[in-house]
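The values are calculated or read from the model by the stated rules, or taken from the named source; none is laboratory data. Because the structure is predicted, anything quoted here is derived from the model rather than measured. Here the Cβ positions follow ideal geometry from the backbone for every residue, glycine too, while neighbour counts run over all protein chains shown. Just so you know, the surface numbers come from the protein's heavy atoms only, side chains and all, with ligands and any DNA or RNA stripped out. Shrake-Rupley method; radii C 1.70, N 1.55, O 1.52, S 1.80 Å.
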Amino acid sequence: MPTGTSTDPAPLIGVVLAGGLSTRMGRDKALLRWQGKPLLEHQMAVLEAAGVREVKISGDRPDYHGVVDAVPQAGPVGGIAGVAAACVDGELLIVPVDMPRLQPALLRRLGEAQSTAGCVRFAGHVLPMRLRLDVCCRDLLNALLASSDKHARSLRSLQEHVGIHEIDLSAEEATQLIDCNTEQTWREVNA
């Protein structure tokens with residue numbers, strides 16, 4: 001879906017990946033309480049504070065107008081493809097639901113980084129990321145989802161295909177990128 005004329009600035013759209021099964025956690029990560037509210041709402045607020053135009057939720061989350069994955073259980077690429085089908089062309093600022101320490105200032109760095117690459121991410125981390133959503137990206141998402149090779153449907157594969165620009169992180173900034181996939185990690189982050 002084109003954004004209009006070529007002189008229009010590309011919209012920055014926030015995406016929270018919240019469609020996973022939370023198998024390693026044993027309960028729905030999106031609904032874990034962080035600073036008095038569900039993680040999902042916390043991540044939405046972080047994206048808004050980082051300057052996104054709108055926030056889309058990836059996953060079957062009717063209470064949050066979630067976008068159902070394009071292909072069920074296809075991982076984050078399936079979630080991104082579903083959101084992409086519901087968005088105009090622009091820049092997607094994508095965060096996982098289970099990264100509670102993430103701060104708006106760090107996300108702004110992703111959103112404001114100058115790059116011709118299709119993906120901007122922090123060195124050594126696949127998420128969060130900024131992804132240029134255009135016709136080529138949409139075609140690639142569809143091709144990855146059609147693949148029977150699970151590795152081909154990974155975020156790394158998507159990023160490699162669109163081209164990657166990495167931003168360096170300080171050790172202190174890297175502590176914001178801890179994802180909470182297990183109860184143990186969740187307890188450590190809350191300690």
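Might you tell me the accessible area per residue for the chain, computed with a 1.4 Å probe and given in Å²? Walk me through the intermediate numbers first.
Working: 9410 Å² over 191 residues.
Per-residue accessible area for the chain comes out at 49 Å².
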In whole angstrom, note down how far apart the Cα centers of the stretch 159-173 and the stretch 45-79 are.
22 Å
Do you know the relative contact order of the chain, to the nearest whole percent, from alpha carbon pairs under 8 angstrom that are 6+ apart?
23 percent
What is the antiparallel percent of DSSP beta bridges lying wholly in the chain, to the nearest 5?
40 percent
Here are labelled values, [x] 24, 19, 17; [y] 42, 20, 13; [z] 34, 23, 17, and one is the computed semi-axes √(5λ) of the Cα gyration tensor in Å for what I pasted. Which one?
[x]
Going Cα to Cα from K56, which lysines come in below 21 Å? Please leave out same-chain ones fewer than 8 positions away.
K29, K37
Spin-label pair A86/Q103, simplified geometry with 7 Å Cα→Cβ offset, distance in nm
3.1 nm
Accessible surface of the chain [probe 1.4 Å, protein heavy atoms]: carbon and sulfur percent:
51 percent
